[in-house]
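One structure is given here, and the rest of the page talks about it.
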Amino acid sequence: MENEILNLDIQSNGVAIVELHRPDTRNALNLELRQQLAAMFEQLAASDTVRAIVITGGEKVFAAGADIRDFTTAKTVDMYLRHTEQYWRAIIDCPKPIVAAVNGYALGGGCELAMHADIIIAGKSAQFGQPEVKLGLMPGAGGTQRLLRAVGKFKAMQIVLTGKIFSAEEADKMGLVSEVVEDDQTLAKAVEIATQIAQLSPIAVEQIKEVTTLGANMPLDGALALERKAFQILFDTQDQKEGVNAFFEKRSPQYQGK
Ligand code: COA
């Protein structure tokens with residue numbers, strides 16, 4: 001709907017498309033949008049039918065970051081009491097795979113939002129950056145830490161210390177995006193990938209996401225043990241038997257999520 005700041009389209013194939021819609025502010029993430037986004041991700045996480053989520057800002061811009069108007073008079077205690085970490089947490093805690101479709105600017109909180117996804121598809125003209133330093137600020141929703149872990153110290157430091165804006169091609173080279181496509185194909189590609197994932201066993205998919213995400217912050221031995229346990233757990237699912245049987249019966253598996 002035109003007046004909504006957040007749109008949701010749940011397709012019959014189990015793919016949910018979440019679209020930020022504050023075009024007048026380049027999809028700046030004000031408090032209301034963050035709250036709605038968090039509530040939407042909680043709803044999608046709890047849904048029995050949604051298997052994969054695509055997040056987009058539409059054809060022109062992904063998100064230009066936090067709404068700078070919210071910062072003009074805010075003091076430390078105001079920022080503390082907003083507890084915006086709870087809104088980001090709703091996205092991070094979503095067990096379902098998230099594919100970001102990025103066109104145009106993904107700056108500041110927009111770049112951080114993209115980094116909350118599991119897969120990032122960028123249109124050729126997409127531009128990324130953490131420009132907070134230019135406002136006398138710094139990233140506050142994972143920009144220093146997620147970027148560091150995604151692209152390594154020297155790329156991350158250059159980005160956060162200078163606030164430089166960089167292209168989809170550069171993002172691709174440094175490993176910040178999964179794939180770059182023509183601008184008019186970004187959403188279609190993201191939906192295509194989400195659709196492929198939605199056809200797989202949702203339990204296997206969730207286990208893979210959880211182990212990969214948690215493992216990234218763990219010592220290798222613990223992470224490998226976590227992987228091994230999750231692998232073993234899957235042997236108790238109907239989906240695992242269906243997948244193996246379908247292979248030998250030379251047919252497409254029908255996964256039930258059980
Ligand atoms: N918060 C609030 N409003 C924002 C915004 C933000 N993060 N980003 C853009 N807007 C608003 C502008 O104030 C402008 O409003 P106006 O039409 O009332 O003047 C409108 O969106 C369009 O922005 P404009 O700068 O004219 O568009 P542009 O296409 O020339 O440039 C950007 C787009 C994203 C490069 C530029 O707006 C920008 O640098 N935004 C801030 C990015 C940033 O610093 N993010 C980190 C915030 S911590």
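Filtered by the rule that a residue be out of contact with any Asp or Glu (no Cβ under 9 Å at 6 or more places or on another chain), among the hydrophobic types (A, V, I, L, M, F, W, C) and closer than 16 Å to residue 113 by Cβ, the stretch 138-153 gives a lone residue, 150. In the stretch 194-211 there is no residue matching the filter, namely being over 27 Å from residue 120 (Cα atoms) and among the acidic types (Asp, Glu). Residues in the stretch 92-135 that are part of a loop (DSSP other than H, G, I, E, B) and within 10 Å of the ligand (Cβ to nearest atom) were compared, and the one that is surrounded by the fewest Cβ atoms within 10 Å (Cβ to Cβ) is 104.
Those residues that are more than 16 Å from the ligand (Cβ to nearest atom) and either in contact with an Asp or Glu (Cβ under 7 Å, 6 or more places away or on another chain) or over 22 Å from residue 97 (Cβ atoms) (or both), I need them from the stretch 46-75; list them, please. Within the stretch 46-75, 56, 75 meet the criteria. Screening residue 27 on (1) at negative phi; (2) touching a Gly at 6+ places or on another chain (Cβ under 8 Å) shows it passes everything except condition (1). Among the conditions (1) under 21 Å from residue 58 (Cα atoms); (2) of a type outside the set (A, V, I, L, M, F, W, C); (3) within 16 Å of the ligand (Cβ to nearest atom); (4) assigned to a helix (DSSP H, G or I), residue 144 misses just one, which is (1).
State whether the residues of the stretch 178-185 include one that is within 16 Å of the ligand (Cβ to nearest atom) and on the phi < 0 side of the Ramachandran plot.
Keep residues of the stretch 178-185 that are within 16 Å of the ligand (Cβ to nearest atom), which gives 183.
Now drop any that are not on the phi < 0 side of the Ramachandran plot, which leaves 183.
Yes: the stretch 178-185 contains one or more residues that are within 16 Å of the ligand (Cβ to nearest atom) and on the phi < 0 side of the Ramachandran plot.
May I ask you to verify whether residue 187 is assigned to a helix (DSSP H, G or I), assigned by TED's automatic domain parsing to the domain that holds residue 92, modelled with pLDDT of 95 or more and surrounded by fewer than 19 Cβ atoms within 10 Å (Cβ to Cβ)?
Numbers: assigned to a helix (DSSP H, G or I): yes; assigned by TED's automatic domain parsing to the domain that holds residue 92: yes; modelled with pLDDT of 95 or more: yes; surrounded by fewer than 19 Cβ atoms within 10 Å (Cβ to Cβ): no.
Taking the combined requirement at face value, the residue does not satisfy it.
Summed over the stretch 113-139, residues that are under 16 Å from the mean Cα position of the chain (by Cα) and more than 13 Å from residue 168 (Cα to Cα) total 6. If the condition is being surrounded by 13 or more Cβ atoms within 10 Å (Cβ to Cβ) and assigned to a loop (DSSP other than H, G, I, E, B), then the stretch 197-252 contributes 199, 200, 201, 218, 237.
The values are calculated or read from the model by the stated rules, or taken from the named source; none is laboratory data. A quick note: this is a predicted structure, and the numbers were derived from the prediction, not measured. Glycine also receives a Cβ, built like all others from the backbone with ideal geometry; neighbour counts cover every protein chain displayed.
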